[in-house]
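The next block holds one structure in the form of structure tokens; read it before the comments.
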Ligand SMILES: [Zn+2]
């Protein structure tokens, strides 16, 4: 059973990345109310619900609207098309994104994402992924919102595109977050230089993962956010369970250990960073 052992009673956590609309929760007989109740008992007081397609953009916005404030939890959404789904990006889809982004404040849409490149699964053609990534980068700049970057096995091309946008002044000062960072230390440092935040989740706690703790150690404190990527990537010691935002405490605990601070301190810093990144009051 889940055991939010780290909750001191005073820390607040911000899970900046949880797909709580995912069908995996239904299959597991977990309701949104269950998830949010467990957030409450674990000290998770803010959750951002990211999207990966038009369908999930609608779900994220709908859920943030319906459940914001339930059990005192603040919910936020993003809209965007993931590189896996790049092949579904049509004029109509962009039309939908624009219509919702026009009302981003009212709908609590805090970011454009997940967008980026994924050459590991290659579920959309690479040239299409790059084109759709650029289109949505422009959209983010146009609406002055940060991006949620998904990058897997595509660091070279991803950095090429971001570098070009950066040089041409087409990235925001705070361009966004490198979600579930899996790139090298060198690449993460270049992203930080461009203004990005770095998001850490379950893999930070995996025993065989040496690279991510190294990246966390070398990322400045003011650029780190924590996330779960629920329902995937469940952190130790709960691997095997469906991931939920309440598990973000384990990511925070691992981060605190790496950085040599208390869990409460790590929670506070990453909470404030999340608020700054997404412009949450
Ligand atoms: Zn995700």
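The values are calculated or read from the model by the stated rules, or taken from the named source; none is laboratory data. Keep in mind that this is a model prediction, so the values were computed, not measured. In this analysis, Cβ positions are derived from the backbone assuming ideal geometry, glycine residues included, and neighbour counts consider all displayed protein chains.
Taking the condition modelled with pLDDT of 95 or more, crowded, with 19+ Cβ neighbours inside 10 Å, in contact with a helix residue (DSSP H, G or I) (Cβ under 7 Å, 6 or more places away or on another chain) and under 21 Å from residue 226 (Cα atoms), does residue 187 pass? Here the answer is no, as residue 187 does not meet what is asked. Please enumerate the residues belonging to segment 244-281 that are outside any helix (DSSP H, G or I) and in contact (Cβ under 8 Å) with a residue 60 or more places away in the chain. Selection gives 244, 279, 280. Looking at this structure, is residue 218 without any contact (Cβ under 8 Å) to a residue 24 or more places away in the chain, more than 16 Å from residue 250 (Cβ to Cβ) and away from the ligand (no atom under 16 Å from the Cβ)? Answer is no for this residue. Of everything in segment 18-33 that is touching a residue at least 24 places away in the same chain (Cβ under 8 Å) and within 16 Å of the ligand (Cβ to nearest atom), the residue that is surrounded by the fewest Cβ atoms within 10 Å (Cβ to Cβ) is 24. Taking (1) more than 21 Å from residue 252 (Cα to Cα); (2) surrounded by fewer than 22 Cβ atoms within 10 Å (Cβ to Cβ); (3) more than 16 Å from the ligand (Cβ to nearest atom) in turn, residue 192 satisfies each apart from (1). Applying the criterion of being crowded, with 19+ Cβ neighbours inside 10 Å and assigned to a helix (DSSP H, G or I) to the residues of segment 144-158, the residue that is farthest from the ligand (Cβ to nearest atom) is 155.
Among the residues examined, residue 208 qualifies as at pLDDT below 95, farther than 17 Å from residue 277 by Cβ and assigned to a loop (DSSP other than H, G, I, E, B). Would you confirm whether or not segment 34-50 contains a residue that is modelled with pLDDT under 95, outside any helix (DSSP H, G or I), surrounded by 15 or more Cβ atoms within 10 Å (Cβ to Cβ) and away from the ligand (no atom under 16 Å from the Cβ)? Checked against the condition, which is being modelled with pLDDT under 95, outside any helix (DSSP H, G or I), surrounded by 15 or more Cβ atoms within 10 Å (Cβ to Cβ) and away from the ligand (no atom under 16 Å from the Cβ), segment 34-50 yields at least one hit. The residue list 163, 170 contains one member that is assigned to a loop (DSSP other than H, G, I, E, B) and more than 15 Å from the ligand (Cβ to nearest atom), which is 170. Of the residues examined, residue 270 is not one that is buried (at least 24 other Cβ atoms within 10 Å of the Cβ) and farther than 30 Å from residue 171 by Cα.
Taking segment 51-86 as the range and being part of a loop (DSSP other than H, G, I, E, B) and either crowded, with 20+ Cβ neighbours inside 10 Å or within 16 Å of the ligand (Cβ to nearest atom) (or both) as the test, the residues that pass are 51, 52, 53, 80, 81, 82.
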